[in-house]
Amino acid sequence: MALAFDEFGRPFIILREQEKKSRLRGLDAQKANIAAGKAVARILRTSLGPKGMDKMLQSPDGDVTITNDGATILEQMDVDNQIAKLMVELSRSQDYEIGDGTTGVVVMAGSLLEQAEKLLERGIHPIRIAEGYELASRIAFEHLEHISHKFEFSATNIEPLVQTCMTTLSSKIVNRCKRTLAEIAVKAVLAVADLERKDVNLDLIKVEGKVGGKLEDTELVYGIIVDKDMSHPQMPKRIEDAKIAILTCPFEPPKPKTKHKVDIDTVEKFQTLREQEQKYFDEMVQKCKDVGATLVICQWGFDDEANHLLMHRNLPAVRWVGGVELELIAIATGGRIVPRFQELSPEKLGKAGLVREKSFGTTKDRMLYIEKCANSRAVTIFIRGGNKMMIEETKRSLHDALCVARNLIRNNSIVYGGGSAEISCSVAVEAAADRYPGVEQYAIRSFADALDAVPLALAENSGLSPIDTLTAVKSEQVKESNPHCGIDCNDVGTNDMKEQNVFETLIGKQQQILLATQVVKMILKIDDVILPSDY
Amino acid sequence: MERVLKDDAVEEKGERARMAAFIGAMAIADLVKTTLGPKGMDKILQSTGRGRSVTVTNDGATILKSLHIDNPAAKVLVDISKVQDDEVGDGTTSVVVLAGELLREAEKLVNMKIHPMTIIAGYRMAVECARNALLERTMDNKENIDKFRSDLMNIAMTTLSSKILSQDKEYFAELAVDAVLRLKGSTNLEAIQILKKPGGSLKDSFLDEGFILDKKIGLGQPKRIENAKILVANTAMDTDKVKIYGARVRVDSMAKVAEIEAAEKQKMREKVQKIIGHGINCFVNRQLIYNFPEELFADAGILAIEHADFEGIERLALVTGGEIASTFDNPESVKLGHCKVIEEIMIGEDKLIHFSGVDMGQACTIVLRGASEHVLDEAERSLHDALCVLSQTVNDTRVLFGGGWPEMVMAKAVDDLARKTPGKKSHAIDAFSRALQAIPTIIADNAGLDSAELISQLRAEHHKENCTAGIDVITGSVGDMQKRGISEAFKVKQAILLSATEAAEMILRVDEIITCAPRRREDRM
């Protein structure tokens, strides 16, 4: 590292432990950052599209994850490089915002960086490149709006929604039964959606998985499934028209929060305490019984005696139910969560048409189904599959599909998939570039080239000749001025994505372009990297 | 290239990743391959834990569970074997071997420059076709009870024939079928208790109609009770603690200590009186019974059994029809358990308590006898496999023949499909059929037979319509499976087929393996 010296030849120390730190400046820093960003994008590139491959990741503890989901791959990769971490963040924010397109956004950012590198070599200032990209992204953003379609659906006509979810699922391992899963996802979202406000609370959809069985057995339950069983083995396994008391207080003697002591110094006191204790249990159970509950769901444990009393009074009970599940049960059954026995009242009870226990496999695996609830606004998707990794991957895929369905309910505009939207944007940006004077023109052209990366990767992953295919499709788009032409990944025989029914959501695509541009701008603006050197 | 990952992380890409995955998975398959079939060999597993305990087993799931594996693809196979064990109980080796064979065939295709996605598409078509072929040929004898029973017997014998119990398979098959039929369709195998007592030979094992509890009767209490009324309880029978939070005893003189002690005793006496008040003559508690209450029970002529484990209690409650009680204030409404005779019996050296003549025949006990712990452990695993398969078959009564018959039926259907399918996928479909045929080949190889000869004979036989031929490993020839009574459950075969293909598909789709740096542990040597 270059050091400055004063007139006596002593170095100025500016940073703490300056000599131990390595530092990259100027063009070198930018080049290094771009290389790191590209390295991350390169890993994800092969996962894009319906013929994309999966990645196998082994965590520090030896657990294996097999996935195709960009956000998950990056999260589990445990990256060290700072710039690579930015890319991970990028994919994660796409995941939080949109839920789908997490791979695409990273690939796009990678190719923007690649183009920027070429411009840097020609001596264009990074800030000018960044500005050019910004202009270009706005053009693309507006163009997307221009080529988008509104499409109509209603609670009875869910076909368009199913088609869009199928596009998302087709790139995952579950594409064997994408139709079933897409239908499940759409039905689940519609069940909890508020069509008036155009909002969907995905927390109301619980995704539960259990190994065993096959993927086709995956089902949508209009109700809640809890991975628990009755507290006493001899309680009834099936309750019809259940009235559910939802409690967050344990069936145990009270524990006042303030410190206290009860001293036993005489026989009388010993006896009164005993009676008190018995009365206490008795009262608790009686309270539940009095308000007319036929099922008790409790967040905490039961004392043995209380448990037997419950059983004895024919009041089935479930213990150790987690907080989130408890809330879902309360929403689904229309009940209130009751924190104290004193506050139990008949109108606070939840109602469900059927509560049953179901056992699986050869081991003692039981789950509790709460169905036909008063309020069917909470649903559960119950996934079955051959092994644990399959279930996990299905969960991730379904999450993507759910997000897509939700986005469509929020905003029912779609663009066509298969890279067609990117190609169309690329053409539009290219055409617009000529109108800008100055260095930005170069950056805008590069942006147009970068947009081609997604269709190129799609074609490459599908085993097509990338450049031939891309140029053919592009010329078709321009000649027929049909923005629906994309890459024919599945070898169907037509390039028109409208015919193939491959849709993506407009907001998803727009978000991809915006987020990718933002991150690239940020990376380009860095011109000095100071790292603690290795020790 | 810039380093993106942490220092110790390893990244493998493309061909190398695929090879690593294939080789790992195939190595696991080859490891368990030799245990397949009636003449499969066993493995000795030595644990790294204290005592270096040794397990001798033939069960695929047990072998794979005990291995420490580093290769991520191999872990996928271990996982499917575990799921197979939980879900249907048997076929844990077959599922791994089939997945391994599918990958072996896929490797050849990848070397022929066929894209993995094409292979997967072909496999998917093949698996659908194979499953339909099996479905068409299933037999269902649900209606005919005698026939169904003989089906169950055949399945049990087929399952047991590859295990340590094969010498006495008829005897044990009988045991297992009896036990499972008692369950009346429930798959809760906990109602079947397996007791292991070293000594004697495997043939001395027996099924007990009633229930055997591995406990001793308290001193001075009756050793034999007829027409027993049993109270099954889960309650503290030591000094009953005061459960109100923060309560503690604080006294200022010795006299008071004595008083409180007396009160405690009084409390216990009352509790015991209440229990006796139920009109019982046997009391079984999950928790300890201290000397004092035990003495009280003995005085009242009541048999008191302490510290039965939780499952034992549940089973006992199930068998005798009583409820598990924890409070004793309402004697009239507590359901008591009943049985004809409770007596102490001797098996080998040990005294056990035997409940016989119970009302509900749902639960039962199988007592295994054998020369050593290892033999008993393995016998228990084998019997467990058989019980699992049987209980699943009771629910899904479709049955297939065994001895490689289902594989050949599937292979034939898949072959036909391959001939009809245009495009590169047909190579994959062909490969699928070869992988299916590998299973009977391995079974024959393990038995030291001329597999090439036998498989070709078998294939020729299967060219005829409605053929029932399979490999009879005992005589070493192709024979009629119907006559030899070799059957398998459809559910097991289907699970093997589906999860093996699913696993192969997952591994095939991988084109990059990223292994994170192992988490550092402080206590590493």
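The values are calculated or read from the model by the stated rules, or taken from the named source; none is laboratory data. From a predicted model like this one, the values you see are computed outputs, not experimental measurements. All Cβ positions, even for glycine, are placed from backbone atoms using ideal geometry, and neighbour counts span all protein chains on display. To get the accessible areas, we keep the full protein, side chains included, count just its heavy atoms, and leave off ligands, DNA and RNA. Shrake-Rupley method; radii C 1.70, N 1.55, O 1.52, S 1.80 Å.
For the range B:419-525, run through the trypsin sites (Lys or Arg not before Pro) and keep only the ones in DSSP coil with at most 11 other Cβ atoms within 10 Å of their Cβ.
For trypsin sites (Lys or Arg not before Pro) across the range B:419-525 that sit outside H, G, I, E and B with at most 11 neighbouring Cβ atoms in 10 Å, the list reads B:LYS464, B:ARG519, B:ARG520, B:ARG521, B:ARG524.
Over all residues in A:223-235, what is the mean tally of Cβ atoms on other chains that come within 10 Å of each residue's Cβ?
2
Which semi-axis lengths, in whole Å and largest first, follow from the square roots of five times the eigenvalues of the Cα gyration tensor of chain B?
Those come to 54, 31, 19 Å.
Calculate the length of the line joining the C-alpha centroid of the range B:246-279 to that of the range A:54-71, in whole Å.
60
Give the lysines reachable from A:LYS289 as a straight Cα distance under 24 Å; neighbours fewer than 8 places away on the same chain don't count.
Leaving aside lysines fewer than 8 places away in the same chain, those within reach of A:LYS289 are A:LYS228, A:LYS237, A:LYS243, A:LYS255, A:LYS279, A:LYS348, A:LYS351, A:LYS372, B:LYS243, B:LYS335.
When you look at the Cβ of every residue in A:44-57, what mean number of other chain Cβ atoms sits within 10 Å?
Neighbouring Cβ atoms belonging to other protein chains average 5 per residue here.
Could you tell me the calculated FRET efficiency between B:GLN167 and B:ASN395, based on Cβ-Cβ distance and R0 = 30 angstrom, to the nearest 0.05?
0.50
How many percent of Cα pairs in chain A exceed 34 Å?
52
Of the trypsin sites (Lys or Arg not before Pro) in the range A:84-152, which ones lie in a loop per DSSP and count no more than 12 other C-beta atoms within 10 Å?
Sites meeting the loop and neighbour criteria: A:ARG122.
Taking the Cα centre of the range B:324-434 as origin, sum charge times position over the Cβ atoms of Lys and Arg (+1) and Asp and Glu (-1), and report the length of that vector in debye to the nearest 20.
Its charge dipole is roughly 1060 debye.
Nearest-5 percent of antiparallel DSSP beta bridges in the range A:224-375?
Around 65 percent of the beta bridges assigned by DSSP in the range A:224-375 are antiparallel ones.
Which lysines does A:LYS85 reach when only Cα atoms under 17 Å apart count, and residues fewer than 8 places away in its own chain are ignored?
A:LYS31, A:LYS38, A:LYS521, A:LYS525, B:LYS6
Only Lys, Arg, Asp and Glu count, each charged at its Cβ (+1, +1, -1, -1), so figure out the dipole size of the protein assembly as shown about its Cα centre, rounded to 20 debye.
Approximately 680 debye in magnitude.
So with the 1.4 Å probe, I'd like the accessible area per residue for the range A:224-375, rounded to whole Å².
Value for the range A:224-375: 46 Å² per residue.
Taking one equal scatterer on every alpha-carbon of the range A:224-375, how large is log10 of I(q)/I(0) by Debye at q = 0.12, 0.19 1/Å?
Log-scaled intensity ratios, in q order: -0.52, -1.12.
I need the trypsin sites (Lys or Arg not before Pro) found in the range A:183-283, filtered to DSSP loop residues with at most 14 other beta carbons within 10 Å of theirs.
Listed in order of number, the matching sites are A:ARG197, A:LYS198, A:LYS257, A:LYS259, A:LYS261.
Please state, as a whole number in µm²/s, the translational diffusion coefficient that the Stokes-Einstein equation yields for the range A:1-126 at 37 °C and 0.692 mPa s, with Rh defined as the Kirkwood radius across alpha carbon pairs.
Answer from the Stokes-Einstein relation: 194 µm²/s.
What is the local net charge at A:TYR222, summed over the other residues whose Cβ is closer than 15 Å to its Cβ (Lys, Arg +1; Asp, Glu -1)?
+2
Taking the Cβ of B:GLY370 as the centre, find all other residues whose Cβ is under 12 Å away and add up their charges (Lys, Arg: +1; Asp, Glu: -1).
Charge balance near B:GLY370 sits at -2.
Are any of the pairs A:LYS172/B:LYS420; A:LYS150/A:LYS509; A:LYS210/B:LYS184 more than 19 Å apart by Cα-Cα distance, and if so, which?
A:LYS172/B:LYS420; A:LYS210/B:LYS184, as the Cα separations exceed 19 Å there.
Checking the cross-link filter: which lysines have an alpha carbon closer than 16 Å to that of B:LYS265, excluding same-chain neighbours under 8 positions apart?
A:LYS269, B:LYS241, B:LYS256, B:LYS274
Determine the relative contact order of chain B: mean sequence separation of Cα pairs under 8 Å and six or more apart, normalised by residue count, in whole percent.
This gives 27 percent for chain B.
To the nearest µm²/s, what D does Stokes-Einstein give for the range A:425-535 at 4 °C and 1.567 mPa s, using the Kirkwood radius over alpha carbon pairs as Rh?
In µm²/s, the coefficient is 79.
Among B:GLY312, B:LEU376, B:TRP405, pick out the residue whose Cα is farthest towards the positive end of the charge dipole of the range B:289-436, where Lys and Arg carry +1 and Asp and Glu carry -1 on C-beta, about the Cα centre.
B:TRP405
Just from the alpha-carbon atoms, what are the Rg and Dmax of the protein assembly as shown in angstroms?
Final numbers for Rg and Dmax: 34.6, 110 Å.
When Cβ neighbours within 10 Å are restricted to other protein chains, what is their mean count per residue of peptide B:501-512?
Counting Cβ atoms of other protein chains within 10 Å of each residue's Cβ and averaging gives 6.
What is the distance in Å between the Cα centres of the range A:425-442 and the range A:444-501?
20
If you add up the charges near A:ILE507, with Lys and Arg at +1 and Asp and Glu at -1, over every other residue whose beta carbon is less than 15 angstrom from its beta carbon, what do you get?
-3
Could you compute how fast the range A:188-257 diffuses translationally, taking Rh as the Kirkwood radius over C-alpha pairs and applying Stokes-Einstein at 4 °C with viscosity 1.567 mPa s? Give it in µm² per second.
After rounding, the answer is 78 µm²/s.
Expressed as a whole number of Å, what is the distance separating the alpha-carbon centroids of the range B:153-175 and the range A:115-154?
Measuring centre to centre over Cα atoms gives 71 Å.
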